[in-house]
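*Asks:* Once you've had a glance at the structure underneath, I'll fire off some questions.
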Amino acid sequence: MPSFYEFFAGGGMARAGLGQGWECLLANDIDEKKGSSYAANWGNERLMIKDVGELTTANTPGRADLAWASFPCQDLSLAGDYVGLKGKRSGTFWLFWRLMKALAEEQREPSVIVLENVCGALTSHEGKDFAAISAALADGGYRFGALVMDAIRFVPQSRPRLFVVAVKEGRTVPEALTRTQPDPLWHPTNLVGAYGKLPERLKKGWLWWNLPALPSRKEKFADIIDDEPQGVDWHTPAETRRLLSLMSPINREKVEQAKKLRRRTVGGVYKRTRVDEEGNRAQRAEIRFDDIAGCLRTPVGGSSRQSIMIVDGDKVRSRLLAPREAARLMGLSEKYKLPENYNEAYHLVGDGVVVPVVRFLASRILEPLLVGDAEREKEAA
């Protein structure tokens, strides 16, 4: 059974995706509230609520096959003004990496490392942040490559994320796991562009990871919406009218077209600040009826919580997305225990990684890497 450390663990969504075939040796997060949710779902035997910068090798038992690190993304995104790896939050990558180097000194470094973040990590500081991460991996003795995996292929949520998969030099990489050229399905132009800016020495250890195409997703946004939700109330008619009043003519027309369908239609709504016709910043409500939810955001830093609008003929209702609905958009099980507080629940799931994305990556790359290597070691012995 392969083992792992889970850093920046949140509510344990990476653990949920890896599945029962993996053994957790350590789960770490600094947030006590997230830690409470982690413990409620996974127990606290392997859980350590502590700043990653305060961890030492004494806190990391055994030798894990995998280190998973979904380090904070705020400074690599618009919400954090693209401060980058020098920012207080996304800069925690270096604290994590210091621990990896300390483990290497004890010859206990993980065979595989996965870094997960927003796609802004590819372009922040004109690609210098991505180059810095790449250099750290290469100097640490890892070969690596990256993938952009959009959750939309697995769940009805638009959520592209960057996954950097690094494997220790000397470990055999099965031929079927890599390809000689990028695949546009998993290696879009922003990733190829970031690779192109890397120094030649870093390109030498680059791996174009090979993933198969997926069948079309059948689940739609409307399928995860409850008529009688828990944890939220339906808006009053006045609140719904207020939401409609924030829409531009284009978005209001989308609602009118949905009415003409004469059937239950669900749209996702986000409030955003836009520049109006007179050049002034104004709050707008934008809606989509394409059977896909917008990317879940944590309700901090000015980001709005996602609302839904249900149109059934001339009847229009609206409310916030319920916590359980948000959890479904992340691929979490119905048995997953959510915080009772709305904001805590929404923050927990909106800050996580989509479970079936992790499972797909694990089954197609991580497990073949580690299982194949273990079998070769047995043969050699």
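The values are calculated or read from the model by the stated rules, or taken from the named source; none is laboratory data. Because the structure is a prediction, the values reported are computed rather than measured. For neighbour counting, all protein chains shown are included, and Cβ atoms are generated from backbone atoms with ideal geometry for every residue, glycine included.
*Asks:* Scan region 333-354 residue by residue and report those that are within 21 Å of Pro156 (Cα to Cα) and either touching an Asp or Glu at 6+ places or on another chain (Cβ under 6 Å) or without any contact (Cβ under 8 Å) to a residue 12 or more places away in the chain (or both).
*Replies:* Matches in region 333-354: Glu334, Lys335, Val353.
*Asks:* Would you check if Glu278 is in contact (Cβ under 8 Å) with a residue 12 or more places away in the chain and among the acidic types (Asp, Glu)? Break it down into steps so the answer makes sense when it comes.
*Replies:* On the way: in contact (Cβ under 8 Å) with a residue 12 or more places away in the chain: no; among the acidic types (Asp, Glu): yes.
Considered against the rule, which asks whether it is in contact (Cβ under 8 Å) with a residue 12 or more places away in the chain and among the acidic types (Asp, Glu), Glu278 comes out as no.
*Asks:* If you scan region 7-60, which residues turn out to be within 17 Å of Leu361 (Cα to Cα) and either of a type in the set (Phe, Trp, Tyr) or not assigned by TED's automatic domain parsing to the domain that holds Pro72 (or both)?
*Replies:* Across region 7-60, the qualifying residue is only Trp22.
*Asks:* Here is a further query. Would you check if there is a residue in region 79-90 being crowded, with 17+ Cβ neighbours inside 10 Å, touching a strand residue (DSSP E or B) at 6+ places or on another chain (Cβ under 9 Å) and at pLDDT below 95?
*Replies:* Yes: region 79-90 contains one or more residues that are crowded, with 17+ Cβ neighbours inside 10 Å, touching a strand residue (DSSP E or B) at 6+ places or on another chain (Cβ under 9 Å) and at pLDDT below 95.
*Asks:* Taking the stated definitions as given, is Ser333 at pLDDT 95 or above and part of a strand (DSSP E or B)? Write out each step before concluding.
*Replies:* Working: at pLDDT 95 or above: yes; part of a strand (DSSP E or B): no.
Against the criterion (at pLDDT 95 or above and part of a strand (DSSP E or B)), Ser333 does not qualify.
*Asks:* Do we have Glu6 as in contact (Cβ under 8 Å) with a residue 12 or more places away in the chain, among the acidic types (Asp, Glu) and not in a helix (DSSP H, G or I) here?
*Replies:* It is true that Glu6 is in contact (Cβ under 8 Å) with a residue 12 or more places away in the chain, among the acidic types (Asp, Glu) and not in a helix (DSSP H, G or I).
*Asks:* Residues in region 201-217 that are without any contact (Cβ under 8 Å) to a residue 60 or more places away in the chain and farther than 19 Å from Thr178 by Cβ: how many?
*Replies:* Final tally of qualifying residues: 2.
*Asks:* Please enumerate the residues belonging to region 245-291 that are under 19 Å from Gly313 (Cα atoms) and aromatic (Phe, Trp, Tyr).
*Replies:* Phe289
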